[in-house]
Every structure is written in structure tokens, then in C-alpha cells.
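Enquirer: Sharing a structure below in C-alpha cells format, with a few things to ask.
The values are calculated or read from the model by the stated rules, or taken from the named source; none is laboratory data. Computed from a predicted structure; not experimentally measured. All Cβ positions, even for glycine, are placed from backbone atoms using ideal geometry, and neighbour counts span all protein chains on display.
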Amino acid sequence: MSVTRDDVLRIARLAELEVDEEGLPALVDQMSRILEYVAQLSAVPASEGTKPFLPPGPDAIRFRPDEVRPWPLAAGPETIAPAFKEGFFVVPKLEQFEE
Amino acid sequence: MSEAKAAADRLVKAKRLNALLTPPKELRKSLAAQAAAARPTGVLYGMPVAVKDNICTLEFTTTCGSKILEGYRSPYEATVITKLKAAGALIAGKTNCDEFAMGSSTEHSAYGRALHPLDKARVPGGSSGGSAALVAAGAVPAALGSETGGSVRQPASFCGVVGIKPTYGRVSRYGLVAFGSSLDQIGVFGRSVHDAARVLSVISGRDPRDATCEDRDPLRLPTVPESLQGFVIGLPREYFPADLDPAVRRACDRAVRLMKELGAAVREVSLPHTAYAVPTYYVIAPAEASSNLARYDGVRYGPRFNGAGDIRALYRATRGAGFGPEVRRRILVGTYVLSAGYYDAYYGRAQQMRALVAQDFRNAFDRGVDLLFTPTTPTPAFKAGEKVNDPVAMYLSDIFTVTANLAGLPALSLPIGRVKGLPIGGQFIGQAFLEDEMLEAAYALERAVPATEEA
């Protein structure tokens, strides 16, 4: 399954990832090779009735009581945020809604 | 105090390997402070343990080998770090790795590649290459790494040290930066099976902060067995293909002969879905990565690469500039295989195949096999630059390791010989939560095998 330049640009938009024009042809080529490689999975016969894998780990999901507990951080968000003011993360506004 | 200084000196001396990301001055200062505060009764008292840079520490920055977390200092620490410190260990700096643990050579680090300690033209493996290189160079007795598809065992094999990936759920992942959450597990490097096992025992066990961590006591270390009498070791024929590197085959044959001499029963087994493990992994891991890495957007932490335009322009610019090429590829592949119209053909099929790979192992163990023995990697350490532009060739260096991650099983690599001076690793794959059996077999083989002799 190879992908086109437009496919890569569409996926990059979904992933909120800027892709530069310069690197685009190599990226299209590498993604095509990766997808062609993994496409061998669809050629495997008789996996129709197979149930999908459930990760090992806890026998049953354990829940903890739903209560507010302080799990103190060594430093507040203002020390790690790129822009923080009066208890809020500062971001540029959303210009327009995209589908 | 003087031991902290000696530990720092050894690490600084290994600087040419570019295996440690922590600057020397900061390392010396922190080690001295940690040594002064360490509990003398701890079972790892005074032991320096280097830590892969995708495990959160309060002492040092946590960058995951990425520009998108440059300078990031976590406001909390991983449970494994808390446990190590409680046992008296010293956190000996942060080690270089492939960006977000995505890679098999440590060439995909934003901070330059780490070098193989025996041949600087070669890679130490990856993604935990810095940790493996430091242990191999004798700079630390043990180090932490993480595994999603072989990122501890593969570099352990390349560098000639011991690497253990425990069962999924054995060790808390709280504070391990997430890549593929159904696969990720923290692992350990040591110069010997015992050094690695000792550290694993300390970091294992329950943690209320990680719902995927099993409610079990810490791993109890087995004693070194006199023989392998009673052990049934399976050799999966799919792991010994006709084109396997001849030296790797010779080293494995020798190890098998030694295990037989120690009393083990050895039989051939088949894991028929092995060939599909790598393509399965390279659907599931990128799918989970594309979701996990959505959090890096330049808003709450990490640098912001462009403040102009609207918020989506900010996301795209930060992610575009902050992520390196392999991470970008995986996010795109992951987004693609999860997108409408492709989900069933890729992700759905990969989840089914994962079940079949796991079933292969269950079938082998149900037929009375205790452990499997295989080569860890198809070749010894390759040259830097050899695979960096060919993602699929790079992915295939994980061919013998990804299966244990897909099935969630414990596995261990130990040195079993050399070819032209380069180490070769042999791998045990064990049954879920039976790390103790796997360690017993590894103790016995380690004592018998001439690990530094040509195979």
C-alpha cells in the first residue's frame, strides 16, 4: 500500500504535525515502504475468527476509591510551562474551526 | 563521599561514548548530595545506577533524547527511582537514547549518537544504547533502560552485558514516559546476571499509581543452581533461520551444548507466527505512540517553537520542529493505521496477529517447555549510518526481541561469545511472572559460557 503526497499531508494535518516541503518526497517514500512492509499482515489467511489480543497484566482492572488526594508535585506548572499567567496556561487563540 | 566521587570519575571518563546526557559538574554535585543522604541499610547502598532519559527524575532533566523536551525537569519522579533511592542506590545521571525510545541504534537521539564502547564506528544498539554502553565500559555496575520492542535486550547483546525485560506488569511504569503503553516495560542492565537481577528485584512489585502494575510482592532472587537438571529448554526453529549470521549460530550452538552438559533437556519447538511479529509490532507501537505523543504541543511543558499564529499553528510548528525524523515517521504511520478506512486492515489485523503470536508461546509452554533459548539479535553490532535511512532494515534488527513484548513475557539477554571482538547475545524467554526460573538458567549458563572468547 503506497501513499501519495496528498495522503501524507492529510495525515500530517490529523496529527497536528508540520511537514516541510523539502523533506516531503523522502517521507512519502519511507512511509510507503513501511506501509507496504506491514501490509503483509492482510495477506495472512485464516485469522478471521481470531479474537484481538488483550494485554497481560492485572487479572481484573483494579479501581481505587474516587477521592481527591494530594499527590504533591515538587514544583508547580509555572516552572515547566512555556507561558503561564495567573494560574492559566497562555496560548494563542483559535482563529477558525477546521473540520 | 569518596565512593560518590569515584563513581562520578568513572562516568566522566566514559564521556567520549556520548552515552551520558548529564553534564559532569551537575553529576558530581548530585552524586555527592545523594551519597550524603543515602540510607546505609539499603540493599543497594552506594550502588550507582545510570537511568535512561525517558524515566522521570527530580535530580536531573528528562528529555527522552528529544528537542521537544529540552531542559524539561519533571515535577515528580518515577516509582522505580523512589524505590532505588529507598534501597540506598545513587541515581548516576541520565543516559542517551533514541528519541522517545524509538530506534535500535541510539542514532535517533537529538543529542548525537552514542558510541559502541569496543568500536566507535559501530552503534551500541538501542533504544537504551547509552545505558548499555556505560555498563559495558565499566562506568556503572547497573543501569535502567526501557523496552517496547527489545530496547534493553538488543543493546545488551550488542555491548556484551546482561539485559532483562521483566513480565509486563512486574515493574511500575509510573514516571516512565509513555511510548506504546500495552508494550512498555522498564528493564535493567548489569555487568552480571546477579547485578541486573538485584536491581530488578528492588524496582519490582506493586504500585497504586500504575493500574497496569500487578499486585504482587517484589521478585525474590533465586540461588545459583548447581545444574540445569529438570529444565526443559525449547529452541524455536523460526529463530535459527538459514541466513542467520554463522558466528551467532556457532555461539548459540555452543551455549546449547553447555546447557545440555549442565543437565538440561533441549528440544526443538515451533512458533509459527514469528515472521509476522515485526509487521505486527510496527502497526501497534506507532498507533499507540501517535496517541501518547499527542501531549507534546508546546502548551503545558517543554519549549514552544513558534508563538505566532493561532493555536493549531503553534501545535504544528512546535511538533514539526521538536520531533526528529523517526518520531515523525512513527506518528504519521500510527495516525494512518488508526484513520477511518484503514483501521480494520491494519490495526484490527495486527491485534489479531498479536493474539496468535502470544498463543504460539502458550502452546510451547503447555507442551512442557520451561524456557526458550534463542539468539538475541540476528547479527552483532552494526556500523553507524548503515541502517539509519532505511527504517524497515532498522526495524528488522528487533526480529528476535519484539515477540516477548507482544506477548508480555519476561526475557533476558546475556553475552555468549564474540566474533572479531564484537559481543554476541543469547536470549532466554520465560513464562509470565516466572522470572526466577529464567534467572536460574541464566546464572548457570553465565558461569559455564566463555562469554569473551570467539565463537
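Enquirer: What residue, among those in segment B:335-356 that are of a type outside the set (D, E, K, R), part of a helix (DSSP H, G or I) and more than 8 Å from every other protein chain (Cβ to nearest Cβ), is surrounded by the most Cβ atoms within 10 Å (Cβ to Cβ)?
Expert: B:Tyr347
Enquirer: Does segment B:321-335 hold any residues that are closer than 24 Å to B:Val392 by Cβ and not hydrophobic (A, V, I, L, M, F, W, C), and which are they?
Expert: Hits for segment B:321-335 are B:Gly324, B:Pro325, B:Glu326, B:Arg328, B:Arg329, B:Arg330, B:Gly334, B:Thr335.
Enquirer: Now for a different question. On the basis of being surrounded by 10 or more Cβ atoms within 10 Å (Cβ to Cβ), at pLDDT below 90 and either out of contact with any Gly (no Cβ under 6 Å at 6 or more places or on another chain) or more than 30 Å from B:Arg354 (Cα to Cα) (or both), does A:Pro82 make the cut?
Expert: Values: surrounded by 10 or more Cβ atoms within 10 Å (Cβ to Cβ): yes; at pLDDT below 90: no; either out of contact with any Gly (no Cβ under 6 Å at 6 or more places or on another chain) or more than 30 Å from B:Arg354 (Cα to Cα) (or both): yes.
Taking the combined requirement at face value, the residue does not satisfy it.
Enquirer: Sticking with this structure for a sec: Residue under question is B:Gly112, and the condition is that it be under 24 Å from B:Glu326 (Cβ atoms), at pLDDT 95 or above and buried (at least 20 other Cβ atoms within 10 Å of the Cβ); does it hold?
Expert: For B:Gly112, the condition - under 24 Å from B:Glu326 (Cβ atoms), at pLDDT 95 or above and buried (at least 20 other Cβ atoms within 10 Å of the Cβ) - is not met.
Enquirer: Can you name the number of the only condition in (1) part of a loop (DSSP other than H, G, I, E, B); (2) surrounded by 24 or more Cβ atoms within 10 Å (Cβ to Cβ) that B:Asn405 fails?
Expert: Condition (1) is where B:Asn405 drops out.
Enquirer: Please go through segment B:245-280 and pick out each residue that is surrounded by fewer than 21 Cβ atoms within 10 Å (Cβ to Cβ) and closer than 28 Å to B:Pro391 by Cβ.
Expert: B:Asp245, B:Pro246, B:Ala247, B:Arg249, B:Pro272, B:Thr274, B:Ala275
Matching residues to (1) more than 14 Å from every other protein chain (Cβ to nearest Cβ); (2) farther than 25 Å from B:Asp398 by Cβ:
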residue	(1), (2)
B:Val188	yes, no
B:His194	yes, yes
B:Val199	yes, no
B:Ile203	yes, no
B:Asp215	no, yes
B:Arg220	yes, yes
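Enquirer: Now for a different question. Go through segment B:370-390 and count every residue that is surrounded by fewer than 20 Cβ atoms within 10 Å (Cβ to Cβ) and more than 14 Å from every other protein chain (Cβ to nearest Cβ).
Expert: Final tally of qualifying residues: 5.
Enquirer: Also, I was wondering about something else. Can you confirm whether B:Ala393 is part of a helix (DSSP H, G or I), within 12 Å of chain A (Cβ to nearest Cβ), touching a residue at least 12 places away in the same chain (Cβ under 8 Å) and surrounded by fewer than 20 Cβ atoms within 10 Å (Cβ to Cβ)?
Expert: no
Enquirer: Any residue at all in segment A:43-64 that's out of contact with any strand residue (DSSP E or B) (no Cβ under 8 Å at 6 or more places or on another chain), at pLDDT 85 or above and more than 8 Å from every other protein chain (Cβ to nearest Cβ)?
Expert: Checking segment A:43-64: not a single residue is out of contact with any strand residue (DSSP E or B) (no Cβ under 8 Å at 6 or more places or on another chain), at pLDDT 85 or above and more than 8 Å from every other protein chain (Cβ to nearest Cβ).
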